[in-house]
Amino acid sequence: MVNVRTAVGASVALLTGVLCVQWLPALPSRWWCLWGAIGLIALGWRWPYWRWCAYAALGFAWTVWRAGVAMDARLPIEWEGRDFSVVGTMVGLPQVKASASEFRFSVEQASLDGKPVILHGRLRLAWYRTAAVLEPCSRWQFSLRLKRPRGLINPGGADSERSSLERGLIATGYVRESRTNTQLGTPAFCIDGVRDAIAKKIATRVPDPHDAALLQAFSVGDTRGLSQRDWEVARANGISHLMAISGFHVGVAAVFGVWLAAFIYWLWPGLALRVPGIQAKAALAWLVAGIYSALAGFGLPTVRSLLMIAVVAWARCSRRQSTGMQSLALALIAILLVDPLAVLAAGFWLSFVGVAFLIFSLTAHGRGLRGFLRELSMGQLLMTLSLLPLTMWFFGESSLVGVLSNLIAVPFVSFVIVPGALLGMLLLGACPPLATPVLRLSGWLVHVQWWLFERMAVWPGSHWYLPAMQPWALGLAMLGAWWLFMPRGVPLRGLGLLLFLPLIWPPSSTPQYGAFQMWVLDVGQGLSVLLRTQHHVLVYDTGARYPSGFDLGQAVVLPSMRALGIDRLDMLMVSHADNDHAGGAPAMASAFPAARRYAGEPERSSLPMAACQSGQHWEWDGVRFKVLYPMAGKAGGKVNDRSCVLLIEADGGRVLLTGDISSEVEAQVAAAVEAGAAPVLLVPHHGSRSSSSAAFIGRLRPPLAIVSAGWRNRYGHPHPDVVQRYAKAGVPLWNTAESGAIQLEVAADGVPAVTATWRQRLARYWRE
């Protein structure tokens, strides 16, 4: 067995090499990395003090190779937007919603224009308006419209392109209506089919559908029945890691396997003469944990725990003793060698760092009953503080209520609900009538626990938001957590809290008096603009809300505000009532109920809104705001021509926000712009051909223009004719589809300038 120092050192060096790749804007040559790693490994073999560099080089080279293969597997750019005929198999549990069925699909063969093409990997698909029953593991032939994974890039936003790489997704798309969409068969047995069958049996035996949905999540990792509200309650209580099968639950399953082995040996004592009890318990513990991990879909937390259990089981079978840190290090090495891209997942860090801190705490403060009780009490405080920096880094929010919530949830879920679910699942196969009372009791216990968490979710501190942090602040906070929980006798342990200060109170960058900052957010085919003066904030449009429930106000605008350190909203202005501009307004109004609200079409709004009319004006912190349109009695007949047009003026420059106005009213808007500096122009109607007339551009002569459009949107915005008009007028054109969120600075003295584009600012190799 490898000693602790060697295992930990090798795992840290290997991890360092893997992480270096994740900061690269582009991947280096795989062959140069491979030969460099071979050279360093040879040096490490000959001179031991080169060993750690060799491990790091191995991690770097292996990650470059693995990432390169994954990127090469993605759908080629020239194939985007074309129709494929694909044969493959359902992966995981398909989710049926009112608007569409969503599922993962593993490609076996594909053809384009009747010719076979090389396309291997997993797809994330949607099937709209279908009545087909999608069974787990079923084999299908589909007609698909595909595109490369591409997400919205904003301050504090989720990185779906990184997630796609980590999950092995090579394309996204939807099923085209076609006669060739045919089910080719369903296998007699597959683990996802077993999960689905168990979930259905739980639903028929637990009377309350919500209790059944929660029990399905705890039993087989089936979260399809959980609502958005359930996830909000979980985040508010800091228990999202318990909503599906977690790594700790796999450990409980392993203990269940040990008990099962002990019961078998109690029934047949003579069995010990043939198979030693220690080896049998270790093997059965790993087997039960493996079965339970399979029921969870082999998520990263479960795989990590399964590898740790395998290390311990192997040590027991070979009559060797292993420490917790040694097992964790070997599990880390195993995961990095199997899949180095796992480091892109938040669960990787939350799992390993959380377990490492707990092992460190138990080692420092004692084992046995005292250590166990400390893990359940002070251990929850340790977990909350140690994982706070990582939680804020990945999700932008944390829960101060989580200490108490986890103190209740971890032992209750792990030692009551999960064993009850395990027993219920065993009885479903062995004696179905006895499974019903066990599952009903487990469902009632889940109901009681959830009732408590729903009330704790509204306590002060349940949602704690901080601005986006810098990597150095994350490192200091992690060091502070480690220092804070050093063993007794280490001097000045409390000073570890000081290292959290850059995380809790990050430096702010509010505009000076007479200046403002503006962000045109990346909301796809829609619009949302965030504007901040020294002490005031305005949001102009909020992006769309889709039938699936995905709300860009909730998913993009609010997280962007929090990441930028903005915790107030003075005014919400919705240009007009089309969904791509107004869909997220209810979410914004709910988050900031005291904000004033104006709209170009208040009568079509789902919220009480004041009418936006020309002549309205106000001043914030030396910055002047003036509504130019719609004019009384002159609003165009089209819905788009009722858009609220807003002019923002500072001494250093002006900005004109135009909504979706067309060329029919552009002359009136241009005439309303008083003489002064040429304004930066938010391109009308996403660059539609019916707007941005040559006369309008020539009258305003903007120093630059910004268009908000979706990547490869079906409308073709911005239209090539419009792009040519701006180019002919010598106006630089910025596009959120290509740049992500765009930041504009208008200083008190100077000229307006684009100071950041988020796709380039956060350049990584997976955003090619």
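For the chain, taking a cut-off of 4.7 Å between Cβ atoms, the unpaired cysteines are Cys20, Cys33, Cys53, Cys317, Cys431. The ranking of Asp72, Asp641, Asp551 from fewest to most other beta carbons within 10 Å of each one's beta carbon is Asp72, Asp551, Asp641. Net charge dipole, the range 1-111: roughly 560 debye, given to the nearest 20, about the Cα centre with Cβ charges of +1 for Lys and Arg and -1 for Asp and Glu.
Specify which residue in the list Gly429, Gly157, His719 is farthest towards the positive end of the charge dipole of the chain, using unit charges on the beta carbon of Lys, Arg (+1) and Asp, Glu (-1), about the Cα centre. Going by the Cα projections, it comes out as Gly429. Spacing of the modelled spin labels on Ala763 and Asn579, each 7 Å from Cα toward Cβ, amounts to 3.7 nm. Among 135-143, 85-93, sorting by the average number of other beta carbon atoms lying within 10 angstrom of each residue, highest first, gives 85-93, 135-143. Each residue of the range 638-649 was assigned a 3J(HN,Hα) from its phi angle through the Karplus curve 6.51 cos²θ - 1.76 cosθ + 1.60 (θ = phi - 60°); the sequence is 6, 4, 4, 7, 9, 4, 7, 9, 10, 10, 10, 10 Hz, with glycine and proline shown as x. Of Tyr49, Tyr598, the sequence from fewest to most neighbouring Cβ atoms within 10 angstrom is Tyr49, Tyr598. In this structure, Leu43 and Val69 have a Cβ-Cβ separation that, at R0 = 30 Å, corresponds to a calculated FRET efficiency of about 0.65. Here are some pairs, Lys97/Lys201; Lys115/Lys200; Lys97/Lys281; Lys115/Lys728; which of them have Cα atoms lying more than 32 Å apart in this structure? Distance filter (> 32 Å) returns Lys115/Lys200; Lys97/Lys281; Lys115/Lys728.
Helix 247-267 and the longest principal axis of the Cα set of the chain meet at an angle near 20°.
Note on Ala188/Ser606: beta-carbon distance plugged into 1/(1 + (r/R0)^6) with R0 of 35 Å gives a FRET efficiency of 0.10. Each peptide in 73-83, 509-519 receives the mean, over its residues, of other Cβ atoms within 10 Å, and ordering these scores from highest gives 509-519, 73-83.
Multiplying the residue separation of Val338 and Arg714 by 0.36 nm and removing their Cα-Cα distance gives an extension gain of 131.4 nm. Compared with the dominant Cα axis of the chain, that is its longest principal axis, helix 209-220 is turned about 60°. Here's the picture: charge each Lys and Arg Cβ at +1 and each Asp and Glu Cβ at -1 in the chain, and of Ala763, Leu681, Ala409 the one pushed furthest to the positive end of that dipole is Ala409. Cross-link reach is defined here as a Cα-Cα straight distance under 28 Å, omitting same-chain residues fewer than 8 places apart; for Lys626 the lysines meeting it are Lys634, Lys638. Note that the chain, at 37 °C in a medium of 0.692 mPa s, gets a Stokes-Einstein diffusion coefficient of 113 µm²/s from its Kirkwood radius over C-alpha pairs. If you take the beta carbon distance between Ser29 and Glu78 as r and set R0 to 22 Å, what does 1/(1 + (r/R0)^6) give as a FRET efficiency, to the nearest 0.05? Efficiency for this residue pair is about 0.40.
Is the C-alpha gyration tensor of the range 125-221 telling us rounded, prolate or oblate? Criteria: a/c under 1.5 is rounded; beyond that, a/b larger than b/c is prolate, otherwise oblate. Cα axes put the range 125-221 in the oblate bin. Helical content alone sets the calculated 222 nm signal of the chain at -14000 deg cm²/dmol, taking -39,500 (n - 2.57) per DSSP H segment of four or more residues and averaging over every residue.
Considering only Gly461, Trp127, Leu328, and ranking their Cα positions along the charge dipole of the chain that arises from unit charges at the beta-carbon of Lys, Arg, Asp and Glu, the one farthest toward the positive end is Leu328.
Every number here is computed from the coordinates shown, using simple stated rules; none is lab data. Because the structure is predicted, anything quoted here is derived from the model rather than measured. No Cβ is skipped: glycine too gets one built from the backbone with ideal geometry, and neighbour counts run over all protein chains shown.
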